[in-house]
Amino acid sequence: MDKAKIREIISRMTLEEKSSLCSGKDFWTTKEIARLGIPSIMMTDGPHGLRKQSAAADHVGLNASVPATCFPSGVGLAASWDRELIERMGRSAGAEAKAEQVSVLLGPAVNIKRSPLCGRNFEYLSEDPFLAGEMAKHHIKGVQSQGVGASIKHFAANNQEKSRMLTDVVVDERTLREIYLPAFETAVKESQPWTVMCAYNKLNGLYCSQNRWLLTEVLKEEWGHEGIVVTDWGACDDRVEGLRAGQELEMPGNGGINDKAIVEAVRSGALDEAILDSALERLLNVTFMAAENLSPAARFDADLHHAEARRIAGECMVLLKNDGILPLAGSGKIALIGAFARSPRYQGGGSSHIAPTCVDDAVEEIGKKFGGAAILTYAPGYDPRMPEPDAALIEEAKRVAGEADVAVLFIGLIDRYESEGFDRQHIRLPESHTALLAAVREAQKNIVVVLSNGSPVEMPWLGDARAVLESYLGGQAWGGAVADILSGDVNPSGKLAETFPLRLEDNPSYLDFPGQGRRVHYREGIFVGYRHYDALAIEPLFPFGFGLSYTSFEYSGLETDRDSISDADTLKVSLRVRNTGSVPGKEVVQLYLGHPGSSIARPVKELKAFEKVFLQSGEEKTVVFTLSGRAFAFWDSDLRGWRVETGKIDIMAGASSRDIRLTKRISIASSKESARDFDLNSSVAELAAHPVGAQFAAGIRGALFASFGHSDPDSVEALMIGAMVDEMPLRNIVRMSGGRFSPEKMDELIGLLNRKEG
Ligand code: BGC
């Protein structure tokens, strides 16, 4: 519906009607106004499938919902590094929403994995903002291609479950801009999600739901979001403040309390009715768009979607270790050990919990692959709900494993170890799983571990396994996808979207997670994930970007279209990648940039481009990346903007963040050198770095140096004097120049330096 028509409808609304639309009718739907033809629309979870509740509603995934395809959760989807794949998943999930007359599917969830302990990491994508942004953008494109809106969440800095509705995240702007906001920014700018869900927590003192800087200045004005901001379920604190800040819709309903508050605020003059009207304009735009896209006849094919879920799951799994035992030979006796093989842990707990259309059983699926040639046995080994070991189950598993040629061990995290609502306490596996592994090891040395978990675990037992497959929470077709990989029908191609630390203590947020009282300080700043492990030279268990294949790849011929660029230029980087093994496979080629000699603290390397490439055995392809402006920039806190620093850039192409195969150094010239305005507290060194200031600095240096009476420029004294002069603020120059540099002359110089061109 066009804007003029929407405005006309708003002009016919009473104040009570207007305020009523600012919150939900019930748990999942918005209010209608029949006399004006305004429909009610439905929004439901999300993200990796549909959770539509038909009866009792809740936002923690407890009550029943209609059957829908459960795709792999976010952590796995991101590990595919496959834009097309996540878009396909989005399309299918969107189609299922459409078939259920749902207008907004609440997801993707893109919060950065600040700590491996966050209970909801299984739903989130990555520790890296670029990867998270690319995947989020394509997830949204897929969903919205179906005429169903996405809701990117949780905006912003919702990186823990502890006190998520109360905690105040204290974080500097550079860290927000470089780490916590870019995934939202990319998605908003490049895929325009119909809705953005604001987070429960406070951000620098203000609830996100009423943070004007976040919702209006950044989201709407800077990034150009055209849709609406919906609160996370129950995230509204002060409804009127929320409206002023740019929050259009409070979910779920509030029993009319806040509708009344809005009416009163307008009547008393505390809230300008124009603010309400402009919120309604956005809200009605989305509402009518949603209604126009409804299609009562829409259906989906559950079998087809299940098959797709299997293909997707196969692309999300990461092979962490393999001495050649995988793919399995498929003959002899294979023992399948671990209750997850029969009752898989294929999704996480909380609002994303889906009622699947069906669930694969790994024992059956592996049986279908190997049944003819191999003998399969099975033992549960543990109770999948409990962390305590069961001696009898372990004993039986040990016997079954000992009688086989190889044991495939299905272990991981149990539901009570990670979920929405609470954070993890440690990164260990449950004792029932480690005890099982230790016992099986006594009877069987050919062990393949298949892990089901949504976040990193420590692996002191790694030496006991000949292969480890990280299968994540692989969705309802997890069992089939595991069979595909174990048999070699699918060549694993996932790469970690987050660092697996050796020890919990190594992770960057360790000392400040989950904060104290109602506040958490993000003291590690921009050094999140591999940025931290690189900067401190800490060896991770498995680095960001890591993942093995059944084949091998060779990188060559890294080239750039120029060796020296300006911040306005576009740089083309190309390289060749060849499949040097004997089977077809996919490689995720990763491009990182580093800034040697930077005057600002910057990560050793940052992911700026990637591509997943399929190669037949022996095949070679050229991969071309295009980089521009933002890829080279950092957030300049003084300038409050993005800036490129004149200097060198290291271009690093690799198979992981710790497996850089090719590098090239180029130079870059900035058009915006001076970050800060000059004043009397600027230093002589800062003056010297400015093209105009340099000549004055030389004069000042010379005069001051002479005044100390030292003639030998190579002496230690000269070194010290030179350093002291460089650190001196300009106000001291005035005072120490014996009248040669008058306050007026200094003001004039500062004015000259601060003059902006154009
Ligand atoms: C979650 C959201 C979810 C909403 C509705 C909240 O508890 O944080 O991600 O979309 O509930 O279920």
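The values are calculated or read from the model by the stated rules, or taken from the named source; none is laboratory data. Just so it is clear, the structure is predicted and the values come from calculations on it, not from any experiment. Ideal geometry is used to build each Cβ from the backbone, glycine not excepted, and the neighbour counts take in all protein chains shown. These accessible areas exclude ligands, DNA and RNA; they are computed on the full protein's heavy atoms, side chains included. Shrake-Rupley method; radii C 1.70, N 1.55, O 1.52, S 1.80 Å.
Shape class for the range 494-550, computed from the alpha carbon gyration tensor (a ≥ b ≥ c): prolate, with a/c not under 1.5 and a/b above b/c. Computed over the Cα atoms of the range 434-538, the ratio of the radius of gyration to the Kirkwood radius (Rg/Rh) comes to 1.06.
Just so you know, the Cα atoms of the range 622-690 work out to an Rg and Dmax of 16.1, 54 Å. Each Cα pair under 8 Å and six or more residues apart adds its sequence gap; the mean of these over the residue count of the chain is a relative contact order of 13 percent. Summed over all non-identical Cα pairs, the Kirkwood treatment of the range 243-331 gives a radius of 18.9 Å. Accessible surface of T377, taken over heavy atoms with a 1.4 Å probe and every protein chain present, rounds to 40 Å². Placing unit charges on the Cβ atoms of the charged side chains and taking the dipole of the range 422-488 about its Cα centre, the candidate lying farthest along the positive direction among A443, I427, M459 is A443. Computed 3J(HN,Hα) for the range 260-270, one whole-Hz value per residue from the Karplus formula 6.51 cos²θ - 1.76 cosθ + 1.60 where θ = phi - 60°, is 5, 4, 5, 4, 4, 5, 5, 4, 7, x, 6, glycine and proline marked x.
For the range 303-355, the fraction of C-alpha pairs farther apart than 16 angstrom is 69 percent. Size of the range 201-298 from its Cα atoms: along the principal axes, largest to smallest, the extents are 46, 30, 25 Å. Using the Karplus relation 6.51 cos²θ - 1.76 cosθ + 1.60 with θ = phi - 60°, the per-residue 3J(HN,Hα) values for the range 155-167 come to 8, 8, 6, 9, 10, 7, 9, 4, 6, 4, 8, 10, 5 Hz, with x marking Gly and Pro. Taking all protein chains as shown and a probe of 1.4 angstrom, E292 keeps an accessible surface of around 120 Å². Every helix of 4 or more DSSP H residues in the chain counts as -39500 (n - 2.57), and over all residues that averages to -9000 deg cm²/dmol at 222 nm. For the range 8-53, the relative contact order comes to 22 percent (Cα pairs under 8 Å, sequence separation of at least 6). Pairs of Lys residues in the range 531-680 that lie 8 or more places apart, or on two chains, and have C-alpha atoms under 19 angstrom apart add up to 15.
Only Lys, Arg, Asp and Glu carry charge here, each on its Cβ (+1 for the first two, -1 for the last two); on that basis the chain has a dipole of about 500 debye about its Cα centre. Over all distinct Cα-Cα pairs of the range 651-729, the Kirkwood formula returns a hydrodynamic radius of 15.7 Å. Residue-wise HN-Hα couplings along the range 236-245, as the Karplus relation 6.51 cos²θ - 1.76 cosθ + 1.60 with θ = phi - 60° gives them from phi, are 6, 9, 10, 4, 5, 4, x, 4, 4, 7 Hz; Gly and Pro carry x.
Computed with a 1.4 Å probe on the full set of protein chains, the accessible area for R424 sits at about 10 Å².
Close amide H partners of V490, meaning residues 5 or more places away or on another chain with modelled amide H under 5 Å apart, are I485. P(r) tail for the range 485-608: Cα pairs beyond 25 Å make up 46% of the total.
Surface composition of the chain: carbon plus sulfur atoms hold 51% of the accessible area, using a 1.4 angstrom probe and ignoring ligands, DNA and RNA. For the range 1-126, the convex hull drawn through the C-alpha positions has a volume of 155 cubic angstrom per residue. Residues whose amide H lies under 5 Å from that of G349, counting only those 5 or more places away or on a different chain, are E420; hydrogens are built 1.01 Å from N in the peptide plane.
Using alpha carbons only, the radius of gyration of the chain set against its Kirkwood radius gives Rg/Rh = 1.03. Accessible surface for the chain, divided over its residues, is 37 Å² per residue with a 1.4 Å probe. For K52, the amide hydrogen comes within under 5 Å of the amide hydrogens of V66, counting only partners 5 or more places away or on other chains and with H modelled in the peptide plane.
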